[in-house]
Amino acid sequence: MPSKIVERYKRILSGEQKRFSPYEFEDAQYRKQKVQLVVRYAIENVKRWTPEQARRELSVHDIKQLKLHLVREYIEPPIEAKSDDVYYIVEFAYPYLPRLPEEQRVLWVYQEVLAGIRRHFPPLYFQSIKGEERAKICVDYMCQHLMKLSDLYELPKIFGKTERAYSLLKKYRLKILVDTLYFSPFDMVTEIYPELSNPAFWEDS
């Protein structure tokens, strides 16, 4: 039963037991509940943290110290999580914790890419419908906050020259969009901003 998992976890923490049985998490019906119980015990009884505090402060070092690496494989990280991020383990244990809205998560990732904290966007980040939504958030941010455009209708003039368009996308770390999602800078701009698809806007650009 899931309730016994905490006793086994205590034995692991005390050194009486090295790891969980290979069959401990075999039953998918109870797996999530068991993992949540282990993480909650570690946070509330060992660290004596609140869930909010744990999300802020839990580190990779804590994960090793608390032996939570033994259950980490059963928690799927969100697409934006970096390899050393562990906040999502707390969110898994406490599903009621408020999450950042999608737009803020996308901007967090993009700003880390711009700052060099991330070398690149997560794999498959711009795939599917969700990826297209992320692309629009990033391009909006580029136009409004990085290029500081006051009028979107300036975009055809700026992106009409292919070489200049690629140079700008490279500068603002969004060249990946035309490498993976759109056929060209023109395609990117007109897909994201359909109101700019009138060919007249692109003449003499």
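The values are calculated or read from the model by the stated rules, or taken from the named source; none is laboratory data. Owing to the predicted nature of the structure, the values given are computational and were not obtained by experimental measurement. Here the Cβ positions follow ideal geometry from the backbone for every residue, glycine too, while neighbour counts run over all protein chains shown.
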- Task: Would you mind listing the helices (runs of 4 or more DSSP H) fully within the range 113-187 where at least 1 residues are aromatic (F, W, Y)?
- Result: 128-141, 155-159, 162-171
- Condition check for P98: out of contact with any helix residue (DSSP H, G or I) (no Cβ under 9 Å at 6 or more places or on another chain) and either crowded, with 16+ Cβ neighbours inside 10 Å or closer than 30 Å to P122 by Cβ (or both): yes
- Tell me, yes or no, whether the range 10-32 has at least one residue that is within 24 Å of the chain's Cα centre (by Cα) and acidic (D, E). no
- Message: Going residue by residue through the range 45-58, is there one that turns out to be modelled with pLDDT of 95 or more, over 28 Å from P122 (Cβ atoms), not in a loop (DSSP other than H, G, I, E, B) and not assigned by TED's automatic domain parsing to the domain that holds K130?
- Response: yes
- Message: Going through K161, K170 one at a time, which residue ends up being without any contact (Cβ under 8 Å) to a residue 12 or more places away in the chain and assigned by TED's automatic domain parsing to the domain that holds R118?
- Response: K170
- Message: So I192 ticks every box in (1) exposed (fewer than 13 other Cβ atoms within 10 Å of the Cβ); (2) touching a Lys or Arg at 6+ places or on another chain (Cβ under 8 Å) but one. Which box is left unticked?
- Response: (1)
- Note on the structure: Selection from the range 28-62 of residues buried (at least 19 other Cβ atoms within 10 Å of the Cβ) and of a type in the set (V, I, T) yields V35, V38, V39, I43
- Query: Does V106 fit the bill of being among the aliphatic types (A, V, I, L, M), outside the structural domain of V35 (by TED's automatic domain parsing), touching an Asp or Glu at 6+ places or on another chain (Cβ under 9 Å) and part of a helix (DSSP H, G or I)?
  - Reply: yes
- Considering only residues that are of a type in the set (D, E, K, R) and without any contact (Cβ under 8 Å) to a residue 40 or more places away in the chain, look in the range 111-139 and name the one that is surrounded by the fewest Cβ atoms within 10 Å (Cβ to Cβ). R119
